[in-house]
Amino acid sequence: MISFEHVGKAFAGNVAIDDLSLAIDEGEFIVVIGPSGSGKSTVLRMLNRLVEHDHGRIVFAGEEIRRFKPEVLRRRMGYAIQSIGLFPHWTVEQNIATVPDLLAWPRPRVRDRVTELMELLKLAPETYRRRYPHQLSGGQQQRVGVARALAGDPAVLLMDEPFGSLDPVTRDSLQQEIARIHEASGKTILFVTHDIDEALRLATRIVLLDRGRVVQVGTPREVLAHPTSKFVSDFVGGSDIGIKLLGLDTVAAYVRHGETAAGEPIAMTASLREALSMFVVRQVDRLAVADDEGRTVGAITLSDVVKPRP
Ligand SMILES: Nc1ncnc2c1ncn2[C@@H]1O[C@H](COP(=O)(O)OP(=O)(O)OP(=O)(O)O)[C@@H](O)[C@H]1O
Ligand SMILES: [Mg+2]
């Protein structure tokens, strides 16, 4: 649905993106990650023509993006960025309604859409819809930004560190929310982050950049299990790679059905990383495992956790 073909971009002679080639299928959740200044934001901004690429081709829905008017492109690709970006003299409601208003949706439909998105992002509609951005906390502003990006129901979402300045709890719930939205809608998402755990949790594929070049593209498991260089292995976890790999699997696949263990059971949906933590905290080498309804269905052992993945 989107492809970059030998794309290059320089700012005043300094190369920001060097020979980027990447094909993205519909419904993928691509997480672009890399050090500060590696070109992550530039990738997103070339796609919605906030910056124009110098070399190569960028194709969206079968057409080179220069064939689209920038405003048409931006309506079809929701864009959410860290901190800035809200219109300061517009209320929360007006900000979220930017694209629906451009598309001239009828008033009641716009209002319903704003209410729906505010509820989705845990912003009480009646409390906040008439406030201005400066009357919101940083985290609330970010959530308005995400709601605005979603409002016109675009096929593509571009998200540039959208959860950057949130506390861990809010961040966790927004990550869950965006994962759920992705699963339910099949939208194509390009998401930039500095945070490898966020990338591992959300991505169908991770694109790791270093100084404007792609150094590895792969699923979270591929990148963790088979880093192609020391730069990649350091970046994705260093000495914690094994622990992060355990975070990708759930207890469910390792249950010894019919066996038992003492103590409070762990949920089947917990990750092996959480299981490992529980073994250590409880000083045991067996845990009971429970299903969604809390019924014990079996047990898992400490050595199961380090077995080859099924
Ligand atoms: N509008 C611009 N004018 C000049 N240089 C720019 C411009 N935008 C980006 N650059 C430069 O291009 C390079 C890549 O910038 P980019 O913003 O894409 O990095 P990034 O990976 O998003 O970094 P960060 O993690 O800090 O947000 C940097 O060296 C930056 O200074
Ligand atoms: Mg950036």
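What follows is calculated from the coordinates using simple rules that are stated; it is not laboratory data. The structure displayed is predicted, hence computed values, not measured ones. Neighbour counts are summed over all protein chains in view; Cβ atoms, including those assigned to glycine, are modelled from backbone coordinates with ideal geometry.
With the simple model of a label 7 Å out from the Cα in the direction of the Cβ, residue 167 to residue 67 spans 5.0 nm.
With N counted as the residues of the chain, its alpha-carbon radius of gyration over 2.2 N^0.38 Å works out to 1.12.
A Förster radius of 51 Å, combined with the Cβ-Cβ distance separating residue 101 from residue 295, puts the computed FRET efficiency at roughly 0.50. With the convex hull drawn over the C-alpha atoms of region 114-153, the volume per residue is 62 Å³.
In sequence order, region 133-144 has phi-based couplings of x, 5, 8, 10, 6, x, x, 5, 4, 4, 5, 4 Hz under the Karplus curve 6.51 cos²θ - 1.76 cosθ + 1.60, θ = phi - 60°, and Gly or Pro positions carry x. Phi angles across region 125-130 convert, under the Karplus curve 6.51 cos²θ - 1.76 cosθ + 1.60 with θ = phi - 60°, into 3J(HN,Hα) values of x, 5, 6, 10, 5, 9 Hz, Gly and Pro given as x.
Considering only beta bridges that DSSP places wholly inside the chain, some 55 percent are antiparallel.
Taking label points 7 Å from Cα along the Cα-to-Cβ direction, residue 19 and residue 6 give a separation of 1.0 nm. So what is Rg over Rh here for region 249-305, counting just Cα atoms and using Kirkwood for Rh? Ratio of gyration radius to Kirkwood radius for region 249-305: 0.90. Pairs of lysines in the chain whose Cα atoms sit within less than 24 Å of one another amount to 10, provided the residues are eight or more positions apart or on different chains. For region 126-158, list residues with backbone N below 20 Å from a point placed 7 Å from the Cα of residue 119 toward its Cβ? What the label zone holds, given the 20 Å backbone N cut-off, is 126-131, 143-154.
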